[in-house]
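Here's the structure we're looking at; comments come further down.
The values are calculated or read from the model by the stated rules, or taken from the named source; none is laboratory data. The structure presented is a predicted model; accordingly, all values stated were derived computationally and were not measured. Virtual Cβ from ideal backbone geometry, glycine too; neighbours counted across all protein chains shown. The accessibility values were calculated without ligands, DNA or RNA, using every heavy atom of the protein model including side chains. Shrake-Rupley method; radii C 1.70, N 1.55, O 1.52, S 1.80 Å.
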Amino acid sequence: MKIAIGSDHAGFALKEALKKHLVKEGHSVEDFGCGSEEPVDYPDVSKKVSQAVAEGKYDFGILLCGTGIGTSITANKVVGIRAALCYDKYTAEMSRAHNDANILTVGGRTTSFSRAAEIVDTFLKTKFEGGRHERRVKKIREIEKNG
Ligand code: RB5
């Protein structure tokens, strides 16, 4: 799959580890920064990744900040994005199966690498169930469009 990934300084270390993991799993990964643990503002990278995913250039986006909250809030401001902050295998699975999430956010300061790898793998392999969930996602799109 084509994955866009990005982080702020608090998610940098986990981003680097996840990039290696994703490549090992056979995915193509584009890194939108940041490039070190030097402080940056999470909305900047979150916006870049979210716009690229919304434009259809990537299958999914992955965003990391300290808690995953700031990147999630920012990503969900971009039209077409359904970003989910996931903290275990179950929430990762549900975010895809029920919410058709197209961006995963994870907390670099709250999530171990092994847990994050499990979350990412589950998120990427789980298909949207559709059916009654399609109706609900459609309602999200309507709110996005009409308020
Ligand atoms: C940075 O200190 C921290 O606030 C940020 O990474 C993130 O957790 C925000 O939601």
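Classified by the C-alpha gyration tensor, region 1-98 has a rounded form. Its axis ratio a/c, with a ≥ b ≥ c, is below 1.5. Averaged per residue, region 15-130 has 49 square angstrom of accessible surface, using a 1.4 angstrom probe with ligands and nucleic acids left out. For region 104-147, applying the loop criterion from DSSP together with a ceiling of 12 other beta carbons within 10 Å to the trypsin sites (Lys or Arg not before Pro) yields LYS127.
Using 0.36 nm per residue and subtracting the Cα-Cα separation, the extra length available between ASP41 and TYR90 on full extension is 14.7 nm.
Look at where the Cα atoms of region 23-72 and of region 73-147 average out, and the two centres are 14 Å apart. Note on ARG141 and ASP31: the model spin-label points, each 7 Å out from Cα along the C-beta direction, lie 3.5 nm apart.
Under 19 Å from a label point set 7 Å out along the Cα-to-Cβ vector of THR110, the amide N atoms of region 123-137 belong to 123. Could you tell me what percent of the DSSP beta bridges with both partners in the chain are antiparallel, to the nearest 5? In the chain, approximately 0 percent of DSSP beta bridges are antiparallel ones. The alpha carbon gyration tensor of region 30-147 gives principal lengths a ≥ b ≥ c with a/c of 1.5 or higher and a/b no greater than b/c, which makes the shape oblate. A 1.4 Å probe, protein heavy atoms only, puts the accessible area of TYR42 near 90 Å². Under the definition of Cα pairs under 8 Å and six or more residues apart, what whole-number percent is the relative contact order of the chain? Contact order relative to length: 23 percent. Element breakdown for region 64-147 at a 1.4 angstrom probe: carbon and sulfur atoms account for 53% of the accessible area.
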